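Trainee: Handing you a structure now.
Each value in this text was obtained by applying a stated rule to the coordinates, not by laboratory testing. Note that this is a predicted model, so its numbers are computed, not measured. As a convention, Cβ positions derive from the backbone with ideal geometry for all residues, glycine included, and neighbour counts pool all protein chains shown.
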Amino acid sequence: MLDCPRLRGPPSRWALAREREDTALSMTTSAENSTLLQVHECPSPDLLAAAANSNPENPFLTSRYLQARTAMGDRPLLMVETLPSQQRMFSAAFLSSGRLSRSLDIPSLPGNPSNAFLSGLEQMCRRRGIYETTLNTYASPDLTIPPLACELERISRQEFFFDLRTPVEQWKIGRTHRQRIRQAEKLGLQVLHSADASALQVHDALIRDSMQRRHDRGENVSLAQDHSEASYLLRSGAAEIFQAVHDGKVLSSMLVLRACQGGYDHSSGTAPEGMSIGASHFLVFSVARILQTQGCTTFNLGGAREAEQGLRSFKQAFGTQTTQCEMVRASLCTKSRRIAFMAAQTVRRYASIFARPQASR
């Protein structure tokens, strides 16, 4: 359960105004098709359970994931869209505030966003002064996000997942991948499961190795990685680490987000010596089998963009199924808010320039 702050003593004017604002936001409705969109802050345990049960394969809807993001300083919101059929569609969203602006992150969408959802989202961003909104599609089905006002970025991507309801003997793993898996098995690689800080340190080091190799191949990846999120995910129980070990040394590592019936490869990395003996292939295959024995029905290897051909080929060769989706960043606030934000950015940039010592100019 989330640790929600509660007012002590009589509510202030600001609190009463905010309460009225939240109530108004929770009643965004479309008369066109009787679709209702509600936005809940500090959702009740029953509502969190309903969200998780609506898609038990999606780890971005679990209460533990919300706890991790709350510990990171984000403010969790639960967006509930009630369709004319009375079916409820859930999306978790996370509000963060900086010095100059506020931003909203929606990690996963349950399906194609309706007009009512997008209208309610824009209304909320305008009322709360949220400059930047990101609509991600992690663990989402095939979907297309309609054009939004003032889009900042739109990226097409695919995700690759194992259907764990299929018996392992029927997995259509490519020939080369099978050979690498058998090679690792013959060498005696084993899979360890851990949530210790020491395992996370090794995990972070292997991710740096993998990012460096991709950078050296000419891929557009950032070598500056923030690994603090993984620590919060582990401590909340939203994720766990699986590692392929040979002769006491970790050769490949994977951080897996967990849901009741699903797993999602949050991040993974492999040591250079692990590349030559199929450690990463072995680890992916082993984690898929472990999740299958635990009753999971899907294991998502995460996504890849169109330009990431090597990553796409690696994930696809496991015989995975694919979903076609996209990520969109947009500025849905009022025009005056955008102008004020850009002006503040300009002032800050020039202030930093003139604050430098004269000799460095």
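Trainee: Two-decimal Rg/Rh of the stretch 159-322 from alpha-carbon positions, Kirkwood Rh? Can you show the working numbers first?
Mentor: Values: Rg = 14.9 Å, Rh = 16.0 Å.
Answer for the stretch 159-322: 0.93.
Trainee: Sorted by packing (mean other beta-carbon atoms within 10 Å per residue), highest first, where do 52-61, 253-262 land? Walk me through the numbers on the way to the answer.
Mentor: Numbers: 52-61: 20.7, 253-262: 23.4.
Result, highest mean first: 253-262, 52-61.
Trainee: Grab the other residues whose beta carbon is less than 9 angstrom from that of VAL256, score K and R as +1, D and E as -1, and report the net.
Mentor: Numbers: positive: ARG258; negative: GLU240, ASP265.
Net charge around VAL256: -1.
Trainee: Tally Lys/Arg at +1 and Asp/Glu at -1 over every other residue whose Cβ is under 9 Å from the Cβ of THR134; what's the total? Provide the component values of the computation, followed by the final result.
Mentor: On the way: positive: ARG329; negative: ASP105, GLU132, GLU153.
Net of charged neighbours comes to -2.
Trainee: Quick check on the exposure proxy: order CYS42, CYS150 from fewest to most C-beta atoms within 10 angstrom.
Mentor: Details: CYS42 18, CYS150 14.
Ascending Cβ contact count within 10 Å gives the list CYS150, CYS42.
Trainee: Same structure, new question: Please compute the net charge surrounding MET327, taking Lys and Arg as +1 and Asp and Glu as -1 over other residues with Cβ under 14 Å from its Cβ.
Mentor: Numbers: positive: ARG154, ARG157, ARG305, ARG329; negative: ASP105, GLU132, GLU151, GLU153, GLU159, GLU306, GLU308, GLU326.
Taking every Cβ under 14 Å from that of MET327, the sum is -4.
Trainee: Using only the C-alpha atoms of the stretch 295-339, find the volume of their convex hull and express it per residue in Å³.
Mentor: Working: hull volume 5.7 nm³, N = 45.
It is 126 Å³ per residue.
Trainee: Please arrange LEU164, LEU187 by counting, for each residue, the other beta carbons lying within 10 Å of its beta carbon, fewest first. Before the final figure, lay out the partial values.
Mentor: Working: LEU164 23, LEU187 13.
By the 10 Å Cβ count, ascending: LEU187, LEU164.
Trainee: Given 10 °C and 1.306 mPa s, compute D for the stretch 61-180 with the Stokes-Einstein relation, Rh being the Kirkwood radius over Cα pairs; round to the nearest whole µm²/s. Let's see the in-between values first.
Mentor: Values: Rh = 16.9 Å.
Roughly 94 µm²/s, to the nearest whole number.
Trainee: Shifting gears a bit: Hey, what do the phi angles of the stretch 266-282 turn into as Karplus ³J(HN,Hα) couplings, whole Hz, using 6.51/-1.76/1.60 and θ = phi - 60°, x for Gly and Pro?
Mentor: With the stated coefficients, the stretch 266-282 comes to 6, 6, 8, x, 9, 6, x, 6, x, 5, 7, 10, x, 5, 5, 4, 4 Hz.
Trainee: Still on this structure, please answer the following. Checking the cross-link filter: which lysines have an alpha carbon closer than 22 Å to that of LYS315, excluding same-chain neighbours under 8 positions apart?
Mentor: Output for LYS315: LYS172.
Trainee: Short version: ³J(HN,Hα) in whole Hz for each residue of the stretch 152-158, in order, from phi by Karplus 6.51 cos²θ - 1.76 cosθ + 1.60 (θ = phi - 60°), x for Gly and Pro, what are they?
Mentor: Rounded to whole hertz, the list is 9, 6, 9, 10, 7, 8, 10.
Trainee: Can you give me the long-range amide H partners of ARG157? Hydrogens built in the peptide plane at 1.01 Å from N, cutoff under 5 Å, separation of 5 or more residues or another chain.
Mentor: CYS325, GLU326, MET327
Trainee: While we're on this one: Can you list residues from other chains, or at least 5 along the same chain, whose modelled amide H is less than 5 Å from the amide H of ARG102?
Mentor: TYR131, GLU132
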